[in-house]
Amino acid sequence: MPRPQIQRTPLLYGDDVDAKREEIRAYFHGTLDCYEQLFKTLRNDAAYYKKPIALRHPLIFYYGHTATFFVNKLILAGLITERINPRFESMFAVGVDEMSWDDLDNKHYDWPTAAEVTEYRRKMRDMVDKLISDLPLVLPITWESPFWPVLMGIEHEQIHLETSSVLIRQHALEYVQPHEDWMPCEKTGAAPENELINVPAGAVAIGKNRTTHQHYGWDNEYGAHSADVAAFQASKYLVSNQEYLSFINDSGYQTDDYWEEEGLAWRNFSKAEQPTFWVIKGNDWFMRTMTDEIPMPWDWPVDVNYHEAKAFCNWKAATTGQPVRLPTEDEWYRLYDLTGLSEVPHDKPATGNLHLDYYASSCPVNAFPQGDFYDVVGNVWQWTETPTYPFEGFDVHPLYDDFTTPTFDNQHNLIKGGSWISCGNETLRSSRYAFRRHFFQHAGFRYVISDAPAAVQTSNYETDKLLSEYAEFHYGDTYFDVPNFPKALAEIAIKAMGDRPAVKALDLGCASGRATFELARHFDHVTGIDFSARFIGQGVQLAQQGILRYTLVDEGDLVFYRERTLNGLGLEDVKNKVGFFQGDACNLKSLFSGYDLILAANLIDRLYEPAKLLNSIHTRINPGGLLMIASPYTWLTEHTRREFWIGGFKRDGENFTTLDGLKEILGKHFRLIQGPQSVPFVIRETSRKHQHTLSEVTLWEKVS
């Protein structure tokens, strides 16, 4: 019998506003109920605090993360003004993927109890439930709608429903327990013999329109991509545990030639000899489900990472003499279209092991026919050859600029089709999720045979206009004889330090990170923090790879290609002295303290509540340390609500400048020792258009 149906992702259009509110409300509460129910599979409180794997936080983080995501995005959208718990909303904000700016060091965290997080989640529920009742709702819902961040939070929780289930599956058995609502499939039998089916050549069209699509989507789904796909053959079934066993028995894990360079490095590091969810006891194989170990169901799909799937394909190619590989994203869409699949219906179970409609596990690979194939969608995700990339017309949503952009690094491959626990947006034809190739999801694969090479779209050159402009602003040429601004600020700061201690510095609002590197010429260690992961990514790339490539607009569609290196900038020697983190300057984690210098460049007039930073920044600076503020004082209500400006207005009939505001706030703990002085900067937009601005620089010494 099918399980009780989990609510589907709502349609964005309709005629009845009240009914749509209730549909969204039901989806919100149903999603949170399901997520909280998942954590019932943890055996005890200790299970929340022991990391299942070293590359991820303990599960208490994920229990709190999805709730604080709602609050942080609603604050950013201006839909709420009061936080529920600023400490939680900082602690649980960042650290969900193995990114360079993630802080995964448990020493930095004083985790709350699970009961405290449960209470926090209850308060968040009440707040969002009220917003669903009170926010203006115009149909259809678009990117600009106040309901978009609400849907964003729900779909984000759906993603973590799945990723948390993977972590629970990787947890030691002593920390998990079976639960009646999370019982695995009990069906198993002999695995079917796989076979190849011809797929004729055809065209695929992918991408969504922001104003006309019927479902919520993440940024990487929007834009347009089309391709002509050559004829190929594809396996009828997903690769089963039985079929994968042949690879193991033929010394697949011991034969280096089957493994790609990156995969071989992973295999050698992990010392893997079989799939991570396989367990051998004596002479018998078992499989780890989410909460138990069961006798190996040989007809279920094998769960592997990309490296293992690719090694299997290379083995099969070597042993058959045929061009075997994983499908590309385009080829997966060709299968989807050919089988006549459509979206998961709202009023009946899915046609695949999807959306928790059937089991809390995989099931036999021959259980769900879809056209001539099985499991084109559902059961487990399917690895592809395609690193994720942006479609033409790609744009980021301003509330979540780092959902996809950090993965445009040719190191995250797309997975398609969804798994047994994939819900909401994850089940849609348009969904595009990508993981690092060594990560585990509920993911397996099918293979294809094709003489056509796997077409791989790449984005080695940064083409986003804003990011390219900042890359040039930080690391590029000088214009009109105006010195490089971040470097100039660093030089002023270093000179002002004199013989003061120079152990730690903080570049707050570091953007692309040039000042972070420049300060490291003088300080033992420099931390760069910015709200935008997109900007941080440029500094991280330079620190890790020593090179940054980007395009610059000449005129119209004409561009120049630029390449900058740390070596060319004379900064190669300091790359090990810098670290980049994502953070909200108005709500920084407590670990960011003990600095001898804090530089806040062109930041205060872009904060949603700058006084929150300025009133507490003294707690992060050592006695006698310096605070350097640079700002053009360009107050705009799109960044800072008028009542939160700290200057630039009339008070009691007289001009009250930003410098007046700085003196009033900072004067309690600092004395002004230098400035104000004007430091110019130029931002290049095109070959013939530049912004010339003056930033006022002041230096403050902490005295109490």
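The values are calculated or read from the model by the stated rules, or taken from the named source; none is laboratory data. Here the structure is a predicted model, which means the values were calculated and not measured. For neighbour counting, all protein chains shown are included, and Cβ atoms are generated from backbone atoms with ideal geometry for every residue, glycine included.
N413 is checked against (1) touching a strand residue (DSSP E or B) at 6+ places or on another chain (Cβ under 8 Å); (2) under 20 Å from G223 (Cα atoms); (3) assigned to a loop (DSSP other than H, G, I, E, B) and fails just one. What number does that condition carry?
Unmet for N413, out of (1) touching a strand residue (DSSP E or B) at 6+ places or on another chain (Cβ under 8 Å); (2) under 20 Å from G223 (Cα atoms); (3) assigned to a loop (DSSP other than H, G, I, E, B): (3).
Among the residues of the range 681-690, how many are surrounded by 18 or more Cβ atoms within 10 Å (Cβ to Cβ) and either more than 35 Å from the chain's Cα centre (by Cα) or not in a strand (DSSP E or B) (or both)? Lay out the reasoning, then the answer.
Residues of the range 681-690 surrounded by 18 or more Cβ atoms within 10 Å (Cβ to Cβ): 681-682, 684.
Subset that is either more than 35 Å from the chain's Cα centre (by Cα) or not in a strand (DSSP E or B) (or both): none.
Final tally of qualifying residues: 0.
Each row is one residue, and each column tells you yes or no for (1) over 23 Å from the mean Cα position of the chain (by Cα); (2) in a helix (DSSP H, G or I); (3) crowded, with 22+ Cβ neighbours inside 10 Å; (4) not assigned by TED's automatic domain parsing to the domain that holds D347.
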{"site": "F28", "(1), (2), (3), (4)": "no, yes, yes, yes"}
{"site": "C34", "(1), (2), (3), (4)": "no, yes, no, yes"}
{"site": "K51", "(1), (2), (3), (4)": "no, no, no, yes"}
{"site": "T68", "(1), (2), (3), (4)": "no, yes, yes, yes"}
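Residues checked against (1) of a type in the set (D, E, K, R); (2) out of contact with any strand residue (DSSP E or B) (no Cβ under 9 Å at 6 or more places or on another chain); (3) outside any helix (DSSP H, G or I); (4) assigned by TED's automatic domain parsing to the domain that holds M290:
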| position | (1), (2), (3), (4) |
| --- | --- |
| D330 | yes, no, no, yes |
| R334 | yes, no, no, yes |
| N353 | no, yes, yes, yes |
| V365 | no, no, yes, yes |
| N379 | no, no, yes, yes |
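Tell me yes or no: at least one residue of the range 571-581 is in contact (Cβ under 8 Å) with a residue 60 or more places away in the chain, in the same structural domain as C510 (by TED's automatic domain parsing), assigned to a strand (DSSP E or B) and more than 29 Å from the chain's Cα centre (by Cα).
No: the range 571-581 contains no residue that is in contact (Cβ under 8 Å) with a residue 60 or more places away in the chain, in the same structural domain as C510 (by TED's automatic domain parsing), assigned to a strand (DSSP E or B) and more than 29 Å from the chain's Cα centre (by Cα).
For residues in the range 160-186 being aliphatic (A, V, I, L, M) and either without any contact (Cβ under 8 Å) to a residue 40 or more places away in the chain or assigned to a helix (DSSP H, G or I) (or both), which is surrounded by the most Cβ atoms within 10 Å (Cβ to Cβ)? Talk me through it step by step, then tell me what you get.
Here is the first cut: in the range 160-186, the ones aliphatic (A, V, I, L, M) are 161, 166-168, 172-173, 176, 183.
Now drop any that are not either without any contact (Cβ under 8 Å) to a residue 40 or more places away in the chain or assigned to a helix (DSSP H, G or I) (or both), which leaves 161, 166-168, 173.
Values: L161: 25, V166: 23, L167: 20, I168: 21, L173: 12.
Among them, the one singled out is L161.
Look through the range 664-676, keep the residues that are without any contact (Cβ under 8 Å) to a residue 24 or more places away in the chain and within 16 Å of L626 (Cβ to Cβ), and return whichever of them is surrounded by the fewest Cβ atoms within 10 Å (Cβ to Cβ). Full working, then the answer.
Residues of the range 664-676 without any contact (Cβ under 8 Å) to a residue 24 or more places away in the chain: 664, 667, 676.
Filter once more, keeping what is within 16 Å of L626 (Cβ to Cβ): 667, 676.
Values: G667: 12, P676: 16.
If we take residues in the range 664-676 being without any contact (Cβ under 8 Å) to a residue 24 or more places away in the chain and within 16 Å of L626 (Cβ to Cβ), then G667 is surrounded by the fewest Cβ atoms within 10 Å (Cβ to Cβ).
Within the range 187-203, which residues are surrounded by 15 or more Cβ atoms within 10 Å (Cβ to Cβ) and within 30 Å of Q5 (Cβ to Cβ)?
Scanning the range 187-203 gives T188, A191, P192.
On the given criteria, is E22 at pLDDT 95 or above, under 21 Å from E89 (Cα atoms) and either assigned by TED's automatic domain parsing to the domain that holds H355 or out of contact with any strand residue (DSSP E or B) (no Cβ under 8 Å at 6 or more places or on another chain) (or both)?
Values: at pLDDT 95 or above: yes; under 21 Å from E89 (Cα atoms): no; either assigned by TED's automatic domain parsing to the domain that holds H355 or out of contact with any strand residue (DSSP E or B) (no Cβ under 8 Å at 6 or more places or on another chain) (or both): yes.
Taking the combined requirement at face value, the residue does not satisfy it.
Among the residues of the range 111-137, which ones are more than 20 Å from F39 (Cα to Cα), in contact (Cβ under 8 Å) with a residue 40 or more places away in the chain and in a loop (DSSP other than H, G, I, E, B)? Outline the logic, then answer.
Start the filter on the range 111-137 by keeping residues that are more than 20 Å from F39 (Cα to Cα), which leaves 126-137.
Now narrow it down to the ones that are in contact (Cβ under 8 Å) with a residue 40 or more places away in the chain: 127-129, 131-133, 135, 137.
Passing the criteria: L135, L137.
Do we find that H213 is more than 30 Å from Y13 (Cα to Cα) and over 21 Å from the mean Cα position of the chain (by Cα) in this structure? Break it down stepwise before answering.
Working: more than 30 Å from Y13 (Cα to Cα): no; over 21 Å from the mean Cα position of the chain (by Cα): yes.
No; evaluated as a whole, the condition is false for this residue.
How many residues does the range 510-526 hold that are over 21 Å from the mean Cα position of the chain (by Cα) and either among the basic types (K, R) or crowded, with 22+ Cβ neighbours inside 10 Å (or both)? Let's see the steps before the verdict.
Initial filter on the range 510-526 (over 21 Å from the mean Cα position of the chain (by Cα)): 514-526.
From what's left, either among the basic types (K, R) or crowded, with 22+ Cβ neighbours inside 10 Å (or both): 514-521, 523, 526.
Result for the range 510-526: 10.
Starting from residues that are out of contact with any Gly (no Cβ under 7 Å at 6 or more places or on another chain), of a type outside the set (A, V, I, L, M, F, W, C) and modelled with pLDDT of 95 or more, keep the ones in the range 588-601 and report whichever is surrounded by the most Cβ atoms within 10 Å (Cβ to Cβ).
Residue satisfying both the conditions and the ranking: S593.
Might you check whether a residue that is assigned to a strand (DSSP E or B), small (G, A, S) and touching a residue at least 60 places away in the same chain (Cβ under 8 Å) occurs anywhere in the range 630-652? Spell out how you get there, then give the answer.
Initial filter on the range 630-652 (assigned to a strand (DSSP E or B)): 630-631, 649-651.
If we keep only those that are small (G, A, S) as well, we get 630-631.
This time we only want the ones that are touching a residue at least 60 places away in the same chain (Cβ under 8 Å), so: 630-631.
Within the range 630-652 (the criterion being assigned to a strand (DSSP E or B), small (G, A, S) and touching a residue at least 60 places away in the same chain (Cβ under 8 Å)), the answer is yes, since at least one residue qualifies.
One line per residue, one yes/no per condition, for (1) β-branched (V, I, T); (2) in contact with a Leu (Cβ under 8 Å, 6 or more places away or on another chain):
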residue	(1), (2)
N567	no, no
K577	no, no
F592	no, yes
R606	no, no
I621	yes, yes
M628	no, yes
T637	yes, no
R642	no, no
D652	no, no
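Going through the range 40-62 one residue at a time, which ones are under 22 Å from M183 (Cβ atoms) and in contact with a strand residue (DSSP E or B) (Cβ under 9 Å, 6 or more places away or on another chain)?
Passing the criteria: T41, L42, R43, A47, L59.
Among the residues of the range 163-175, what is the count of those that are under 15 Å from M287 (Cα atoms) and not polar (S, T, N, Q)?
Step one: filter the range 163-175 for residues under 15 Å from M287 (Cα atoms), giving 166, 168-173.
Retained after the next criterion (residues that are not polar (S, T, N, Q)): 166, 168-169, 171-173.
Residues meeting the conditions: 6.
For the range 691-701, check the following and say yes or no: at least one residue is assigned to a loop (DSSP other than H, G, I, E, B) and in the same structural domain as Y475 (by TED's automatic domain parsing).
Taking the range 691-701 as the starting set, the residues that turn out to be assigned to a loop (DSSP other than H, G, I, E, B) are none.
No, every residue in the range 691-701 fails to be assigned to a loop (DSSP other than H, G, I, E, B) and in the same structural domain as Y475 (by TED's automatic domain parsing).
So which of H397, H355 is touching a Cys at 6+ places or on another chain (Cβ under 6 Å) and either touching a residue at least 24 places away in the same chain (Cβ under 8 Å) or surrounded by fewer than 21 Cβ atoms within 10 Å (Cβ to Cβ) (or both)? Steps first, answer last, please.
On the way: H397 fails: touching a Cys at 6+ places or on another chain (Cβ under 6 Å).
Exactly one residue qualifies, and that residue is H355.
Could you tell me which residue of the range 259-284 is farthest from the chain's Cα centre (by Cα), considering only residues that are of a type in the set (G, A, S) and not in a helix (DSSP H, G or I)? Spell out the reasoning first.
Pass one, the range 259-284, residues of a type in the set (G, A, S): 263, 265, 270, 272, 282.
When the remaining residues are screened for being not in a helix (DSSP H, G or I), the result is 272, 282.
Values: A272: 27, G282: 41 Å.
Out of the qualifying residues, it is G282.
Got a number for residues in the range 336-351 being of a type in the set (D, E), assigned to a loop (DSSP other than H, G, I, E, B) and within 30 Å of the chain's Cα centre (by Cα)? It would help to see each step written out before you state the result.
Of the range 336-351, the ones of a type in the set (D, E) are 337, 343, 347.
Next cut, assigned to a loop (DSSP other than H, G, I, E, B) only: 343, 347.
Next, only the ones that are within 30 Å of the chain's Cα centre (by Cα) stay: 343.
Looking only at that region, the number is 1.
Determine which member of the set I529, I536 is part of a helix (DSSP H, G or I) and crowded, with 22+ Cβ neighbours inside 10 Å.
Values: I529 fails: part of a helix (DSSP H, G or I).
Step by step, each of I529, I536 is checked, and only I536 is part of a helix (DSSP H, G or I) and crowded, with 22+ Cβ neighbours inside 10 Å.
Of all residues being among the aromatic types (F, W, Y) and either assigned to a helix (DSSP H, G or I) or touching a Lys or Arg at 6+ places or on another chain (Cβ under 7 Å) (or both) in the range 299-328, which is surrounded by the fewest Cβ atoms within 10 Å (Cβ to Cβ)? Just the residue, please. Full working, then the answer.
Filtering the range 299-328 down to residues among the aromatic types (F, W, Y) leaves 300, 306, 312, 315.
Those still in the list that are either assigned to a helix (DSSP H, G or I) or touching a Lys or Arg at 6+ places or on another chain (Cβ under 7 Å) (or both) too: 306, 312, 315.
Numbers: Y306: 28, F312: 24, W315: 21.
This residue is W315.
Just to be sure before I move on: is Q411 over 22 Å from Q158 (Cα atoms), in contact (Cβ under 8 Å) with a residue 60 or more places away in the chain and surrounded by fewer than 19 Cβ atoms within 10 Å (Cβ to Cβ) in the structure I sent? Full working, then the answer.
Working: over 22 Å from Q158 (Cα atoms): yes; in contact (Cβ under 8 Å) with a residue 60 or more places away in the chain: no; surrounded by fewer than 19 Cβ atoms within 10 Å (Cβ to Cβ): yes.
No, not satisfied.
For the range 476-493: of the residues being in a helix (DSSP H, G or I) and out of contact with any Leu (no Cβ under 7 Å at 6 or more places or on another chain), which is surrounded by the fewest Cβ atoms within 10 Å (Cβ to Cβ)? Before the answer, list the steps.
Taking the range 476-493 and keeping what is in a helix (DSSP H, G or I), we get 485-493.
Filter again for out of contact with any Leu (no Cβ under 7 Å at 6 or more places or on another chain), leaving 485-488, 491-492.
Numbers: F485: 23, P486: 27, K487: 20, A488: 19, E491: 17, I492: 19.
Residue satisfying both the conditions and the ranking: E491.
So, of the residues in the range 416-459 that are in contact with a Pro (Cβ under 7 Å, 6 or more places away or on another chain) and assigned to a strand (DSSP E or B), which turns out to be surrounded by the most Cβ atoms within 10 Å (Cβ to Cβ)?
G444
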